[in-house]
Amino acid sequence: MKHVIAFAGSNSKQSINKQLVSYTGSLIEKVDVTVLDLNDFDLPIYSVDLEAEQGLPENAKRMFEAIKNSAGIIISLAEHNGAYASVFKNMFDWVSRVEPKTFQSKPMFLMATSPGVRGGQSVLEMAKDRFPRHDGTIVATFSLPSFYDNFSEGKINNSELNALLLKEVKQFEAFL
């Protein structure tokens, strides 16, 4: 059976992006989906000096192995001040040192959500521009606006938005 990894670009224990990525993972059919938590991949803040002194951290290597061994990747990015959350940016920096072709041409489903009406669109656009430069193959995207209005009891409660998500899930599945 094919294996997909899913994670939120956040280290919040109450992460709305982790809730969204977990729900989305549950919709993927005929594939084993593992939801990762960035808290399980703790890393020091990236610096070239630290890399030169200590080498690449094991957790960066573990994350790269998870990517390399997957058939696809689902990421829901938290947006902090219009950009990646620092925990995700730091992970991305370290893993890109393990392998510059970080995403290994794996099919990627990129998502974002936020409490606001833009639904993390700024960080989503940033990722859509950046990830292909690291061998990311983005095949589906989804932005969930106004998380607290549109998500409850572990799922999207707005039927139109849920239909849009399901359409993107099918698009992602076609590439697995």
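Okay, residues lined up against (1) of a type in the set (A, V, I, L, M); (2) closer than 17 Å to Phe88 by Cβ:
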| position | (1), (2) |
| --- | --- |
| Arg118 | no, no |
| Met126 | yes, yes |
| Phe131 | no, yes |
| Ile138 | yes, yes |
| Thr141 | no, yes |
| Lys155 | no, no |
| Ala163 | yes, no |
| Leu166 | yes, no |
| Lys170 | no, no |
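Please state which one of Phe109, Phe131 is buried (at least 22 other Cβ atoms within 10 Å of the Cβ), hydrophobic (A, V, I, L, M, F, W, C) and not in a loop (DSSP other than H, G, I, E, B). It would help to see each step written out before you state the result.
Numbers: Phe131 fails: buried (at least 22 other Cβ atoms within 10 Å of the Cβ).
Residue meeting the stated conditions: Phe109.
Can you tell me which residue in segment 134-164 is nearest to the chain's Cα centre (by Cα), limited to those that are part of a helix (DSSP H, G or I) and among the small types (Gly, Ala, Ser)?
Going through the qualifying residues, I end up with Ala163.
So, Glu79, is that one under 13 Å from the mean Cα position of the chain (by Cα), over 26 Å from Val31 (Cβ atoms) and charged (D, E, K, R) or not?
Numbers: under 13 Å from the mean Cα position of the chain (by Cα): yes; over 26 Å from Val31 (Cβ atoms): yes; charged (D, E, K, R): yes.
When the stated conditions are applied, Glu79 passes them.
Going by the conditions given, is Ala60 within 17 Å of the chain's Cα centre (by Cα), part of a helix (DSSP H, G or I) and small (Gly, Ala, Ser)?
For Ala60, the condition - within 17 Å of the chain's Cα centre (by Cα), part of a helix (DSSP H, G or I) and small (Gly, Ala, Ser) - is met.
Hey, could you check segment 85-106 for residues that are among the small types (Gly, Ala, Ser) and either over 25 Å from Pro57 (Cα atoms) or buried (at least 17 other Cβ atoms within 10 Å of the Cβ) (or both) and say which is nearest to the chain's Cα centre (by Cα)? Reasoning before the result, please.
Step one: filter segment 85-106 for residues among the small types (Gly, Ala, Ser), giving 85-86, 96, 105.
Next, only the ones that are either over 25 Å from Pro57 (Cα atoms) or buried (at least 17 other Cβ atoms within 10 Å of the Cβ) (or both) stay: 85, 96.
Values: Ala85: 11, Ser96: 15 Å.
For segment 85-106, the residue satisfying everything is Ala85.
For Ser22, only one of the following conditions fails: (1) surrounded by fewer than 20 Cβ atoms within 10 Å (Cβ to Cβ); (2) hydroxyl-bearing (Ser, Thr, Tyr); (3) over 22 Å from Leu176 (Cβ atoms); (4) in contact (Cβ under 8 Å) with a residue 40 or more places away in the chain. What is its number?
(3)
Quick check on Val35: is it β-branched (Val, Ile, Thr), out of contact with any Cys (no Cβ under 9 Å at 6 or more places or on another chain), more than 18 Å from Thr141 (Cβ to Cβ) and assigned to a helix (DSSP H, G or I)?
So Val35 does not fit the description; no.
Every read-out reported here was derived from the displayed coordinates using simple, explicitly stated rules and does not represent laboratory data. Note that the structure is predicted; figures quoted are calculated from it, not measured. Ideal geometry is used to build each Cβ from the backbone, glycine not excepted, and the neighbour counts take in all protein chains shown.
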